[in-house]
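For reference, the structure I am asking about is given below.
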Amino acid sequence: MTPRDVDAMLSNLDARTTRIEQILPTLATRQDLSDSIRVLATKDDLKRFATRDDLKRFATKDDLKRFATKDDLKRFATKDDLKRFATKEDLKRFATKDDLKGFATKDDLKRFATKEDLKRFATKDDLREGLAATLAESKHYTRVLFEDLKSDIQLLAEHLVHVSEVVERLDRRL
């Protein structure tokens, strides 16, 4: 090896060492790795969970393909879309399960009329119009009866005057 080759080799080695010195501080230390491993589950920890065979009893990959994927759900609503709806905590502040037991269930409500059932009945406006018409008709009929009663009273009064005159004449004759 010539001194020139040795010089090139040392220069190359120096450049490599410089690059290693720049990367070295970013690498994890033995203590960093030990701390990271300590929080991970051990084989004994994992044995307490379900095994692959246990999970096969619930659903296979083919069974799960029928369900919606994350991409499918994103087409319906994003997280931002869902933020404007009430959360579970919001609903808990509104009413507890025990509070809701006092309300009617879907089965209870099936016995009652639906909107379609109620469409054939009169609305408030229909009832108001009908009541106004009935009231006007009743007023008219009451006036007619009042006039009739007034004319009957007048007829009786005239007849009473006539009878009184007859009685007076008879009384004078006697």
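The values are calculated or read from the model by the stated rules, or taken from the named source; none is laboratory data. Remember, predicted model here, so these are calculated numbers, not experimental data. Cβ coordinates were reconstructed from backbone atoms using ideal geometry, including for glycine residues, and neighbour counts include every protein chain displayed.
I'm trying to understand the selection: among the residues of segment 97-133, which are part of a loop (DSSP other than H, G, I, E, B) and of a type outside the set (V, I, T)? Spell out the reasoning first.
Applying the first criterion (part of a loop (DSSP other than H, G, I, E, B)) to segment 97-133 yields 101-105, 110-114, 119-123.
Result: K101, G102, F103, A104, K110, R111, F112, A113, K119, R120, F121, A122.
Let me ask something else about it. If I37 satisfies all but one of (1) of a type in the set (A, V, I, L, M, F, W, C); (2) modelled with pLDDT under 80; (3) in a helix (DSSP H, G or I), what's the number of the condition it fails?
The number of the failed condition is (2).
To continue, here is another question. Can you tell me which of (1) assigned to a helix (DSSP H, G or I); (2) loosely packed, with under 10 Cβ neighbours inside 10 Å is the one L73 doesn't meet?
Of everything listed in (1) assigned to a helix (DSSP H, G or I); (2) loosely packed, with under 10 Cβ neighbours inside 10 Å, L73 misses just condition (2).
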